[in-house]
Structure formats: structure tokens, C-alpha cells
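Undergrad: Got a structure for you, questions after.
The values are calculated or read from the model by the stated rules, or taken from the named source; none is laboratory data. Bear in mind the structure is a predicted one, so any value in this text is a computation, not a measurement. In this analysis, Cβ positions are derived from the backbone assuming ideal geometry, glycine residues included, and neighbour counts consider all displayed protein chains.
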2 protein chains.
Amino acid sequence: MSSWAEKIRAGDVRSISRAITTIEDARPEAEALLRELFPHTGRAAIVGVTGAPGTGKSTLVDRLAAHYRREGQTVGILAIDPTSPFTGGAILGDRIRMQGHASDPGIFIRSMATRGWLGGLAQSTAEAALVLDAAGKDVILIETVGVGQDEVEIVRLADCTLVVLVPGLGDDVQSLKAGLMEIADLFVINKADQPGADRFERQLRAVLEIVLERDAWRPPLVRTVATEDKGVGDLAAAIGRFGATIEDGGKRSRRRVEHWRERLVELIHRRLMLRVGQHLDAAQLERLAAAVAARQKDPFAAVDEILEKAGIR
Amino acid sequence: MSSWAEKIRAGDVRSISRAITTIEDARPEAEALLRELFPHTGRAAIVGVTGAPGTGKSTLVDRLAAHYRREGQTVGILAIDPTSPFTGGAILGDRIRMQGHASDPGIFIRSMATRGWLGGLAQSTAEAALVLDAAGKDVILIETVGVGQDEVEIVRLADCTLVVLVPGLGDDVQSLKAGLMEIADLFVINKADQPGADRFERQLRAVLEIVLERDAWRPPLVRTVATEDKGVGDLAAAIGRFGATIEDGGKRSRRRVEHWRERLVELIHRRLMLRVGQHLDAAQLERLAAAVAARQKDPFAAVDEILEKAGIR
């Protein structure tokens, strides 16, 4: 375990990959490894990037990574793929991206897919970010498709969250996904060379005035054309300014405390459910569920029974 | 408690409303009430209705409810509003709908909003449905906006799930939200008088052929124009046929067992978190989170400490 952790800290790609797979599969050795790595974390700048499909997030993340590399910083990228019949393409695209950076040891790219259990993806993404942090990556970019609650939770572990929008994708500012407005530290208007960009920006500013509370943070708007590498330097500068601002006011450490408060609650949940799982096999659960469905037992009585077996009540 | 349950079973509107509020607020007496009501549930047909904003779900649900009323059946409607700055209109709209049915004691309409804790809305919707079931409603219509994981969980408690789509809303069949395809027992193409309805239906059938496994259920497609009350009778008939089909094959009872398996796991989670919460106040959690954020303590050690306090380890 110690030599594994040592190799990760030295940036060994295969050791990092194996650690993330161990986390994804929720194997028991993940906890021991993370305990070993934990004291060496907390140094990386974590940037979350979210937005609807088609906004060009992946290209933007690639260009941003290349920018940081030119400045001599090392980069980790976690691309989150919610499982769906339609994401095969995204995973494939990601493999192609990995090849583009294959010759650069200063960049690590990894796709993570949901394993289908509640909160599992947010948890394993956060743990994978700890691994990259311990491996000495200066910047960790976490890319998600902004479609659901899961994604919102994932980006909340970031020090700075970018919400990527594009003008004239057929959707108005009004159709912005619920929750996406509130989590943005910075808005990126990508594909800003498309018609309607000015109007879109005005609309966005107007909606923000309505939605955000009076003394809330006003997220800066940065325009980019990622495919032509335009505005990427400005975006990196804006991310840097945001980092300095929250560092000054102690907001970054408050945000991290808040992050850990939520993570502790999730860890408690996971620990307790594992404990229950040790005393309850699938067949027993199925039998109890059938008894409840047939109204032979009420659900609260069934739960009492399960917890008694686990020695928790 | 018993007289409250009696009043609910007699269909008393104020008692039903008070029960749902108690559930929404997660007040302790909710459990005792649900235990009392539980043996009298399991009779209602639960229909879930989901789809993107703008598909006309609310109007469709209203017309469907009116159809069932004409057939002499009693109806409960639960309209789920995920909290967002943009849902004020939906809640208002719902109040207006309630007034339209105010003179009919055979129909009960209620909006439910999320109280912001994970899984809370799915849980309280399921419990509110039990109350309406015990109150003798023949049909319970649960209406959600199909945008996230929460909504998918909510509709899974239904015996029959309708996914409402509209042709030419700027979005192709390809942009269907991940997960919405897989949960549909029945597709409704609403606003079917709009141009492109035929093409849309062909596209949808083609995509279903790709997405669904060979021996999976092929959801029927029903066309409606809810605003003109067209196709609503056909839809009710299709829902009835689906109910008969799954009743025959024992699929309905398997589905209900599956539902209760998931609900039991959620109830265990809630029970355990309440137990932990009794031994851990917010200030203690905050202190531990701060220690972890400062890397003075690793998160797993913090969790061990919390569980020891709760007497669970």
C-alpha cells in the first residue's frame, strides 16, 4: 500500500490509473490508499466545467489544459460520463483526446462512468480528484454534462465552477437548466463567433440580475471560441482572479469546509449501508419487499427488522 | 392518530392535505400515520407523467383526470415542482388548476416541492401517494418535469409511466434526456396537430429500435392534442390495456416488489441518518469538516469518530 501511494505521489501514470479503477469499483483497498494519500492533498486548484451537450466543453477543457501546460503547470482531467445509451460517443471521443496528449507526461486524462448507485459518481469523482491532487497535479479539470443533480454535486467539489453556454443553440437563456445558474462562479460563452452572441450575453446578464440575490457573487462572463483557441488565455486569467478573490476573503477555505461537511455525510451513509449490507442479503431484502408489496408487513416494521439484524437498533 | 386516519380514509380533503404537509416537512408523526394507513393501500392505479417543460403535461393530466371523472373514477393528482427560481409560475399555474376542479370532491390536486435533501422528494411523493391511495382515489396521477435523476426515481413508483413528447420543439428525438427512453411504458406525442408529427413519430420509433433491447417492452405511441381534448380517451384506453397486460404476466406485482425494495433501502438510509443526527449536532460536524479540510484529520477517521458517538460501530 505504501509503495503504491509513493508511486502515485511520484506521478506514475499506471499507479494513478489503477487507483482510480479501485475507487470506481468501490473496492475495499481504496479507503486504505486514500488514507495514505490524504495528508498530501489540498494543494491542487480544482476547476469544474459543466454545461449542456453541444456547448463544446471537451474542446474548451482541452485548450485550457494546453494553456496551463504552456505555463509549466501539470494538469489532471476527469471527464464524467453519466451512463446512457447515447454516451458511447463521448467516451470514444475522450479516448481520442487522450491520444492527443499521450506524449505529455504532465497531463493525465481519465473518463469516469457512473456505476449506477446513488451518489456513487460524485463520491468516486471526489476521490479520484484526491488521487490526482496527491500525484502533484497543479490544476484538476473536472468536466461534466450539466443535466442533473449528480452533476451539480460533482462540480460542487471544485474551487471554481465554470458553466459553459453557447448562443443560439435553439435554447434561450430562460431554458437554462435549474440549478446551473446558481452554481456558476464564472460563465463561459463559447462559440462566441456565432450570431446572436451579444444578445445572448445581454439576456444572460438580465436573467442573472433577477435570479441572483442582491449581494451574491456576480459571475464574470468570458467569451471563447475554443475550436480556434480564442479567449482561452482570458478564461485562465479569469479563473486565476477568481481564485485570488476567494483566497483573500477566506471563501476558498469556507467552501472546502462545506465540501467536506457534505462528503462526511456521504461517507457515513456509505459506511452504514455497507454495514447493513453485511447482515442482509439480496434474497432477504427481496422477501421483505414482497411482504410489504402484498401488505403483509408495513415498510417501517420491515426496516426495524433489518436494522435489528444488523445490530444497529 | 386513528381518527385522523379514519378521516383520510373517508376522503376528507383537509385531513389529506394535512397528512401530505406532515410528510413534506418530515415530521415524526408522519410515520405513525402511514403505518395506520398502510394496510388500506395498494388498490389505486398509479400513473406517472413526465416530459420536458413545454410539452403540455399539466393540460394533459387535467384532461386525463376529467376523463376518469366522467367514467366515475376518483382521481388524485400530485404535481412535483423541483425547486428552482423558475418554477414560481408552475406552482401558480397549479393553484389555478385547483380552482377549476374546486367544486368536485372526487378530485384532489396537490403541488409538492422539494425540501432540498437528497432523495427527499421521491420519498415524500411516494408517501403522499400512499395517503391518496388510502383515501380511496381510484387513479393517482403523478406529474414531474423530466429533467433529472430525482424525477426518474419519482416516476418509478408508478404502475404505468407516460413520457410526453412534442414534435418540433426545436429538439430532435436524439436530444431526448438520458433515461427518459428507458422508463417509458407509453409515449404520448402531444400537440400532435403541429407540423412534423409524422416525421417525429417515425424518428422516435427508429430510435427505440436502436435503444431498446430486442425482447424489451415496445411502448405504444399515443397521439394527443390535450388543449382540444383530442386523443385523451385513446390514451386512457392505452393506459388501461397496459395495466391489463402487466397484471396478466405478474409484471405489476414484480414492479411493486422492486419499488418496495428500493423504498426499504431509502427508509433504512433515513432511519440511520436520523440516528446519527441525534448524536451529532451541526457545530460538531462543522468542526470535523474543518479539521479534515485543514488535513488535520483524514475523512475516514472523522467518520469513525462520528459513528462511535452514535453507538453504531
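Undergrad: Pairs, please: C-beta under 6 Å, at least 6 apart or cross-chain, first residue under 10 Å from B:F187 (Cα atoms) and in the range B:202-225, second of a type in the set (F, W, Y) and crowded, with 16+ Cβ neighbours inside 10 Å?
TA: From residues that are under 10 Å from B:F187 (Cα atoms), the pairs are B:P219/B:F187; B:L221/B:F187.
Undergrad: I'd like to check something: does the range A:133-149 contain any residue that is buried (at least 17 other Cβ atoms within 10 Å of the Cβ), out of contact with any Leu (no Cβ under 8 Å at 6 or more places or on another chain), modelled with pLDDT under 75 and away from chain B (no Cβ under 12 Å)?
TA: no
Undergrad: Right, next: Can you find a residue that is at the interface with another protein chain (Cβ under 9 Å from one of its Cβ atoms), more than 30 Å from A:A294 (Cα to Cα), part of a helix (DSSP H, G or I) and of a type outside the set (S, T, N, Q) anywhere in the range B:261-280?
TA: Yes, there is a match, as at least one residue in the range B:261-280 is at the interface with another protein chain (Cβ under 9 Å from one of its Cβ atoms), more than 30 Å from A:A294 (Cα to Cα), part of a helix (DSSP H, G or I) and of a type outside the set (S, T, N, Q).
Undergrad: Restricting attention to the range B:219-255, report how many residues are at pLDDT 90 or above and at the interface with chain A (Cβ under 9 Å from one of its Cβ atoms).
TA: Selection size over the range B:219-255: 0.
Undergrad: Cβ contacts < 6 Å: first residue at the interface with chain A (Cβ under 7 Å from one of its Cβ atoms), restricted to the range B:281-302; second residue charged (D, E, K, R), any location; separation 6+ or different chain. Result?
TA: Going by the 6 Å Cβ cut-off, the qualifying pairs are B:L285/A:R261; B:A289/A:R261; B:A293/A:R256; B:D298/A:R35; B:F300/A:E31; B:F300/A:R35.
Undergrad: Can we say B:G93 is in contact with a Lys or Arg (Cβ under 8 Å, 6 or more places away or on another chain) and either crowded, with 18+ Cβ neighbours inside 10 Å or modelled with pLDDT under 95 (or both)? Write out each step before concluding.
TA: Values: in contact with a Lys or Arg (Cβ under 8 Å, 6 or more places away or on another chain): no; either crowded, with 18+ Cβ neighbours inside 10 Å or modelled with pLDDT under 95 (or both): yes.
No; evaluated as a whole, the condition is false for this residue.
Undergrad: I'm trying to understand the selection: among the residues of the range A:185-213, which are of a type outside the set (D, E, K, R) and exposed (fewer than 12 other Cβ atoms within 10 Å of the Cβ)? Explain how you work it out, then say what you get.
TA: Within the range A:185-213, the subset of a type outside the set (D, E, K, R) is A:186-190, A:192, A:194-197, A:200, A:203-204, A:206-208, A:210-212.
Residues satisfying the conditions are A:P195, A:A206, A:I210.
Undergrad: Can you pull out every residue in the range A:1-44 that is assigned to a helix (DSSP H, G or I), surrounded by 16 or more Cβ atoms within 10 Å (Cβ to Cβ) and among the small types (G, A, S)?
TA: A:A5, A:S15, A:A19, A:A30
Undergrad: Name the single residue, out of those in the range A:303-313 being part of a helix (DSSP H, G or I) and without any contact (Cβ under 8 Å) to a residue 24 or more places away in the chain, that is surrounded by the most Cβ atoms within 10 Å (Cβ to Cβ). If you could, list the steps in order and put the result at the bottom.
TA: From the range A:303-313, those part of a helix (DSSP H, G or I) are A:303-309; that's our starting set.
Imposing the further condition that a residue be without any contact (Cβ under 8 Å) to a residue 24 or more places away in the chain reduces the set to A:303-305, A:308.
Details: A:V303: 25, A:D304: 14, A:E305: 16, A:E308: 11.
The extreme case among them is A:V303.
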